[in-house]
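Here the structure is laid out as C-alpha cells; the discussion comes afterwards.
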Amino acid sequence: MAGREYEVLLTAGAEQDLESIYDYIAEFDCKANADYVLDRLLDVVESLSAFPERGTYPKELVALGIRDYRQTAFKPYRVIYRIMAQEVFIYVIADGRQDMQSLLARRLLGS
C-alpha cells in the first residue's frame, strides 16, 4: 500500500529526551537495555513517516481543548508530535508515568 511519506524531525527537546532516557537506563540498569529501548523508540519515531495520523490525542491536551498534537508509545514512553504539511515534528519523548500535564504545559504551551 503506497502512501504519502512524511519527513520526521526531532526537536532539540526530543533529542535531549532520548539522551536522558538512554543515560538513565544505562546507569541504573545496563547498556544493553538502554540500547534496546533507544532502538525501539527510534523505530516508533521512524514509523511516523508512513502513518502519523494513527496516533491518539494526548488526554492532557484534549482536556484543554488542544488537538494539534498526537501521541504514540513504546512501553511506558510516550512520543508527542505534531503533523504540519508533510512533516512530523517530535516534541516530547517521556516516561508516561511522570506528571505529563506539567511537562506538556512547560514544553508545548510555554507555561
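For this structure, a couple of remarks:
- Any hit, segment 35-52, residues being free of Cβ contacts under 8 Å to residues at least 60 places away in the same chain, touching a Pro at 6+ places or on another chain (Cβ under 8 Å), in a loop (DSSP other than H, G, I, E, B) and not aliphatic (A, V, I, L, M): no
- Looking across segment 8-33 at every residue that is open to solvent by 70 Å² or more (accessible area, probe 1.4 Å), of a type in the set (Asp, Glu) and part of a helix (DSSP H, G or I), the one that is nearest to Ser49 (Cα to Cα) is identified as Glu15.
- Residue list for segment 57-106, filter: open to solvent by 50 Å² or more (accessible area, probe 1.4 Å) and in a loop (DSSP other than H, G, I, E, B): Tyr57, Ala63, Leu64, Gly65, Arg67, Asp68, Lys75, Ala85, Gln86, Arg97, Gln98, Asp99
The values are calculated or read from the model by the stated rules, or taken from the named source; none is laboratory data. Nothing here was measured: the structure is a model prediction, and the numbers come from that model. Quick reminder, even Gly has a Cβ in these numbers, built from the backbone with ideal geometry, and neighbours come from all protein chains shown. Ligands, DNA and RNA are stripped out before the accessible areas are found, and what is left, the full protein with its side chains, is counted by its heavy atoms. Shrake-Rupley method; radii C 1.70, N 1.55, O 1.52, S 1.80 Å.
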